[in-house]
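Enquirer: Could you have a look at this structure, given as structure tokens, before my questions?
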Amino acid sequence: MRRRSFLIRAGAAVAAIGGGLWLKDHVIWRRPRLTFPEGGTSAWSPFVVADAATPTVRVRIAGREIIALIDSGAQYSVIDRALVEALGLTTFFDMPMVAYGVGGQPQVGRGVTLDVTIGSLSVGALRAAILDLGPIASAEGLGAPLVLGQDLLGEAVLELDMKRRRARFADPGGHVVSPALRQVPVRRSGTALTAEVTVEGAVLRAVVDTGFSSLIALSQGAAETAGLLDGRPETAGSSIVLGGVARARVIEARTVTFGDDLWRGVATPVFADSPLPNYPDALLGMEAFEDREITLDLGRGRLHLSPMMDLTVGQAVTAP
């Protein structure tokens with residue numbers, strides 16, 4: 001199945017927290033403590049799940065090695081309830097929280113404090129929500145019982161090398177962006193990073209979501225704004241989201257642009273509108289960064305990309 005398709009097979013799952021896990025917590029979410037190796041940049045960590053477009057890395061918690069998804073669309077880090085029980089963790093939050101994923105049902109859970117090692121990077125006192133991640137955590141799905149969200153990414157610069165399929169983290173204080181990368185206009189929206197995109201000429205703001213595998217997804221309201229709900233053909237699609245699998249309408253957008261790049265004939269999933277505050281109208285996923293180098297500095301609201309060189313028919317075209 002082509003990666004441009006939204007009907008994702010389990011091993012190439014759409015985001016863990018389905019384009020934005022929005023946790024409604026009632027406590028102050030303290031920042032984690034990051035200890036970078038000498039030089040300020042961790043070693044490269046290869047992606048674990050071979051056929052997934054989303055970045056997955058090996059981490060260690062309580063002496064056990066597991067797979068984690070790096071998800072810039074998740075407001076907070078999340079750990080699967082079954083893993084918490086298996087590890088015998090006991091440092092819990094007392095206050096409840098409610099979590100929602102795109103197309104998913106709400107879950108009520110608690111939080112736990114974790115010490116995590118990601119290659120040569122040590123993360124102390126990372127607070128993570130305890131939730132049932134469903135297929136995201138299972139071997140039949142992505143196999144990632146831990147999601148590293150915006151709370152962690154706000155404290156480090158994330159570098160992704162999508163051609164070599166690897167990731168590393170850098171200390172924001174001393175990080176220098178490679179001159180081979182160009183800056184893309186983005187801005188902070190709460191704890192998320194958003195970018196301006198156009199869909200058939202309609203200007204929209206999309207959450208930059210490393211946990212979402214396709215190019216773009218729209219809420220129904222955003223799809224209406226872009227003129228996609230004009231009676232054109234649509235197909236049924238599905239994605240793995242918080243706690244299960246969600247259905248979606250998939251409609252072809254004639255053009256999508258992001259920065260200087262243009263895509264034609266984009267299969268675009270459309271998800272239902274939500275009354276929840278801060279729910280995204282659009283998601284910009286990993287297909288936009290295929291075979292490119294990315295530097296995501298969530299804390300300072302910056303995004304740098306290598307230029308897209310492959311001018312393939314049906315793929316993105318970079319303007320001169």
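The values are calculated or read from the model by the stated rules, or taken from the named source; none is laboratory data. Note that this is a predicted model, so its numbers are computed, not measured. In this analysis, Cβ positions are derived from the backbone assuming ideal geometry, glycine residues included, and neighbour counts consider all displayed protein chains. Quick note on the areas: whole protein, heavy atoms, side chains included, nothing else; ligands and nucleic acids left out. Shrake-Rupley method; radii C 1.70, N 1.55, O 1.52, S 1.80 Å.
Enquirer: Among the residues of the stretch 26-82, write down those that are at positive phi and free of Cβ contacts under 8 Å to residues at least 12 places away in the same chain.
Expert: The answer is Gly39, Gly63.
Enquirer: How do the strands (runs of 3 or more DSSP E) wholly within the stretch 1-102 filter down when requiring 1 or more residues that are at pLDDT 80 or above: which remain?
Expert: 33-35, 56-61, 64-70, 77-80
Enquirer: Could you tell me whether the stretch 302-320 includes any residue that is in a loop (DSSP other than H, G, I, E, B), modelled with pLDDT of 95 or more and open to solvent by 10 Å² or more (accessible area, probe 1.4 Å)?
Expert: Taking every residue of the stretch 302-320 in turn, at least one turns out to be in a loop (DSSP other than H, G, I, E, B), modelled with pLDDT of 95 or more and open to solvent by 10 Å² or more (accessible area, probe 1.4 Å).
Enquirer: Hey, can you tell me all the residues within the stretch 41-75 that are open to solvent by 30 Å² or more (accessible area, probe 1.4 Å) and closer than 20 Å to Gly154 by Cβ?
Expert: The answer is Thr41, Gln75.
Enquirer: If you go through the stretch 233-246 one residue at a time, do you hit one that is in a loop (DSSP other than H, G, I, E, B), at pLDDT 90 or above, over 19 Å from the mean Cα position of the chain (by Cα) and not hydroxyl-bearing (Ser, Thr, Tyr)?
Expert: Yes, some residue in the stretch 233-246 is in a loop (DSSP other than H, G, I, E, B), at pLDDT 90 or above, over 19 Å from the mean Cα position of the chain (by Cα) and not hydroxyl-bearing (Ser, Thr, Tyr).
Enquirer: Further question on the same structure: All but one of (1) modelled with pLDDT of 95 or more; (2) touching a Lys or Arg at 6+ places or on another chain (Cβ under 8 Å); (3) surrounded by 15 or more Cβ atoms within 10 Å (Cβ to Cβ) hold for Asp115; which doesn't?
Expert: The failed condition is (2).
Enquirer: Being free of Cβ contacts under 8 Å to residues at least 24 places away in the same chain, part of a strand (DSSP E or B) and surrounded by fewer than 16 Cβ atoms within 10 Å (Cβ to Cβ), is that true of even one residue in the stretch 162-184?
Expert: No: the stretch 162-184 contains no residue that is free of Cβ contacts under 8 Å to residues at least 24 places away in the same chain, part of a strand (DSSP E or B) and surrounded by fewer than 16 Cβ atoms within 10 Å (Cβ to Cβ).
Enquirer: Name the residue that is nearest to Ala202 (Cα to Cα), counting only residues in the stretch 252-280 that are modelled with pLDDT of 90 or more and touching a helix residue (DSSP H, G or I) at 6+ places or on another chain (Cβ under 7 Å).
Expert: Among those residues, the one meeting the criterion is Phe258.
Enquirer: Across the stretch 139-156, which residue is surrounded by the most Cβ atoms within 10 Å (Cβ to Cβ) among those that are not in a loop (DSSP other than H, G, I, E, B) and not polar (S, T, N, Q)? Before the answer, list the steps.
Expert: First pass over the stretch 139-156, keeping only residues not in a loop (DSSP other than H, G, I, E, B): 146-148, 150-153.
Next, only the ones that are not polar (S, T, N, Q) stay: 146-148, 151-153.
Working: Leu146: 25, Val147: 30, Leu148: 33, Asp151: 21, Leu152: 29, Leu153: 24.
Taking the candidates together, the pick is Leu148.
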